[in-house]
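The values are calculated or read from the model by the stated rules, or taken from the named source; none is laboratory data. Keep in mind it's a predicted model, so treat the numbers as computed, not measured. When we count neighbours, we look across all protein chains shown, and the Cβ atoms used for this are built from the backbone with ideal geometry, even at glycine. SASA here: full protein model, heavy atoms, side chains in, ligands and nucleic acids out. Shrake-Rupley method; radii C 1.70, N 1.55, O 1.52, S 1.80 Å.
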Amino acid sequence: MVNLLIFSIITGVLASLIIVPLVKVNQETEEKLTFNRLTALAVTATVLSLVIFGFYYVTNMDRNWTSLWVALVVVALLGILAASGKERKVKVILFLGSLVVAAFVLSAPLFNANKKYEVVEMKQEVEIKAFDDTKTPASVPPKFARNKMKKAFGQVPNTSYYELGHLQIQKVNDNFVYIAPVEFSGFFKWLNGKTTPGYFTMSATDSADNPKFIKMEMDYTPSSFFHKQVERHMRMEMPNLIFYGNVQLEINDEGKPYYIRSYGDFITARNGFDVKGIVAVDSATGEAVKYSLKDIPAFIDGAVSPEAVSLQNSYFGNYIHGFWNSVVGKKDVKLPSDEGTESNVSPIFDEEGHMYYFTDFTSPKEGVDSMLGYALTDGRTGEATYYTGNLEESYMDSQGALQIIEKKFIEKKWTGEMPVLYNFYGEASWLTPVLDSNGFLQNYFIVSAANPEISVYGNTPNEALKLYKTALQRGGSTVDGSSNAEEAKAAITVKRVFKERVGDFTLVSILADDGRNFLVSTEVSPLAIYVQEGDKLAITYLETGEIFLPVKDLVNVTIE
């Protein structure tokens, strides 16, 4: 608050010196008029200081001197109108200078496109590594998680004071969870409640998990007011930082909540943004700490805000050949998708628990649903990799995957949410949760990006993966992450057999007497349902090197 007061007074005094003339002259007779200049300066400086203080307090704008460029133009113009003679000529020059500054600031987007692209240019690869199907992807859709949290809101004391805040995903104690703070539902509720009581958490991998309310009083929140509003508190503590994106709640492994926000630099003038770090605020005490990206605490997953990532994707997709090409020719331009769950991007985790933001890119041409590539941006460092996909194949984009789901369940009016591209068994594939009209999770849908005719759905991601594996076999695709799997034949005796119902089919797991394991779906071989221990089988399988070798054909010699 003291910093803002000093900034306002200094700005008000300087502005009054420009506006209030040195002498007052009668315009008709050119005679000097007597007036109390000190009083005029004091009154003008006081009024302007109050206006500036109110403006910066309400807007929460950074207090860099460059933010005053509009005020400089207005003040210089008022100075011309109030002055006369030689003084007016000097102020005309000042006004012209302010116009040059304004022109530079306003025209920056036209000339800094190349620099924006250089700042965010991504390294390029072909495909992400194959997903380990022994893991479970964080695939519970946020809309579904939010619905469940709302239904569990009765756990919150004084429920009428509060509402559910912004939902986001995070890793806490090696578990992927959704976190949503309890927020005030209005000004008078804040006056009465003073602090919010805590936050909800729910598994991001297990749709059967129930939300848990964690009691943890928070004083500095987005829904608080005045100096307790966390964004304003950050600005008061760090007046000159350039923030971009909304505040996010992050929980450490002990369950203590912090609000964080990304800060960075303008790219040119006051245009563009390049993320440099975060400010973290203890939600209970208000202690604010600034961290550069290389010093981010280990418990923070989303140091780079989704809004900043979405902006970077826009720079990368649009400005490969500068600003005008993005408007007119659009050569090599690729548009980031708007299907993400947070500011057009979707947070996902790799097998090591590291968070990335996923975005796919499509053509600017209308009516085209082919994907030009996709990007993963590191949530902690902001470094991004652009994956071109197999250039010999045409990949369907996220919008195309959602359209397939809509047509698949057109009678039930189910829709997909949060489509994410994975490398399943060497095949670029869209995994999408399917929700009904009430926002409840119904199943998980997987469709090949290169071969949309190959698609499956199951009650869980792992169930859908098992079905997808057999569907790829049926479609002639390999399932080992490469194109080198060879067909082989074997005559075996069944030592153990396990049958599992998955969707409309049954998966039969077979342990052979030689120790090898095989997996076959009744969709591929319907008579596999009759396999029993001791049966002799003649099988054709793929030599993928996996624990369970996929079977393409099976003959039960014992029966036949």
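At 0.36 nm per residue, minus the direct Cα-Cα distance, what do residue 501 and residue 331 gain on full extension? Give it in nm, one decimal, please. Provide the component values of the computation, followed by the final result.
Details: separation 170, 0.36 × 170 = 61.20 nm, distance 5.02 nm.
So the extension gain works out to 56.2 nm.
Please state the charge dipole magnitude for the chain, taken about the Cα centre, from unit charges on C-beta atoms (+1 on K and R, -1 on D and E), reported in debye and rounded to the nearest 20. Provide the component values of the computation, followed by the final result.
Numbers: 52 positive and 66 negative charges, 543 e Å.
Taking the Cα centre of the chain as origin, the dipole is about 2600 debye.
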- Task: Roll a 1.4 angstrom probe over the protein heavy atoms and tell me the percent of accessible area of the stretch 172-302 that is carbon or sulfur.
- Result: 49
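Largest first, how would 510, 9 line up by accessible area (1.4 Å probe)?
Details: 510 5, 9 85 Å².
Ranking 510, 9 by accessible area, largest first, yields 9, 510.
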- Task: Please find the FRET efficiency linking residue 103 to residue 42, where r is the Cβ-Cβ separation and R0 is fixed at 25 Å, and quote it to the nearest 0.05.
- Result: 0.15
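Which loop GluC sites (Glu not before Pro) in the stretch 414-467, with loop taken from DSSP, have no more than 10 other Cβ atoms within 10 angstrom of their Cβ?
Details: sites: 417, 427, 453, 463; in loops: 417, 453.
Those that pass, being in a loop and sparsely packed, are 453.
Determine the gain in length on full extension of the stretch residue 354-residue 437; use 0.36 nm per residue of separation and subtract their C-alpha separation, reporting nm with one decimal. Intermediate values should be presented prior to the final figure.
Working: separation 83, 0.36 × 83 = 29.88 nm, distance 3.24 nm.
That pair, residue 354 and residue 437, stretches by 26.6 nm at full extension.
So how much slack lies between residue 509 and residue 486, counting 0.36 nm per residue of separation and subtracting their Cα-Cα distance, in nm? Spell out each step's value before the answer.
Details: separation 23, 0.36 × 23 = 8.28 nm, distance 2.04 nm.
That works out to 6.2 nm of additional length.
Just add up the charged neighbours of residue 318: K/R +1, D/E -1, any other residue whose Cβ is under 11 Å from the Cβ of residue 318. Working shown, then result.
On the way: positive: 116, 330, 334; negative: 332.
Net charge in that neighbourhood comes out at +2.
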- Query: What's the center-to-center distance, using Cα atoms, between the stretch 379-403 and the stretch 253-291 in Å?
  - Reply: 29
- Message: Please list, by residue number, every one of the trypsin sites (Lys or Arg not before Pro) in the stretch 398-435 that is coil in DSSP and has at most 12 other beta-carbon atoms within 10 Å.
- Response: 412, 413
- Item | Spin-label pair residue 532/residue 175, simplified geometry with 7 Å Cα→Cβ offset, distance in nm | 4.4
- Task: Using DSSP to define loop residues, name the GluC sites (Glu not before Pro) in the stretch 339-409 whose beta-carbon has at most 10 other beta-carbon atoms within 10 Å.
- Result: 352, 366, 392
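Compute the FRET efficiency between residue 125 and residue 92 as 1/(1 + (r/R0)^6), taking r as their Cβ-Cβ distance and R0 = 41 Å, and round to the nearest 0.05.
Details: r = 57 Å, r/R0 = 1.40.
So the FRET efficiency works out to roughly 0.10.
Sort 259, 530 from largest to smallest accessible area, using a 1.4 Å probe on the heavy atoms of the protein chains.
Details: 259 5, 530 135 Å².
Ranked from most to least accessible, the order is 530, 259.
Given the pairs 290/365; 135/294; 135/407; 408/489; 413/466, which are separated by over 31 angstrom at their Cα positions? Before the final figure, lay out each step's value.
Working: 290/365 43 Å; 135/294 29 Å; 135/407 29 Å; 408/489 37 Å; 413/466 26 Å.
Distance filter (> 31 Å) returns 290/365; 408/489.
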- Okay, helix-only estimate at 222 nm for the chain: each DSSP H run of n ≥ 4 adds -39500 (n - 2.57), divide by all residues, round to 500 deg cm²/dmol; what do you get? -9000 deg cm²/dmol
- Relative to the first principal axis of the alpha-carbon coordinates of the chain, what is the inclination of helix 398-408, with its axis defined by its Cα atoms, in degrees from 0 to 90 and to the nearest 10? 50
- Once both axes come from the Cα atoms, what is the angle between helix 461-474 and the longest principal axis of the chain, in degrees from 0 to 90, rounded to 10? 60
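Return the carbon/sulfur percentage of the accessible area of the stretch 57-147, one whole number, probe 1.4 Å, all protein chains in place. Intermediate values should be presented prior to the final figure.
Details: 3480 of 5100 Å².
Result for the stretch 57-147: 68 percent of the exposed heavy-atom area is carbon or sulfur.
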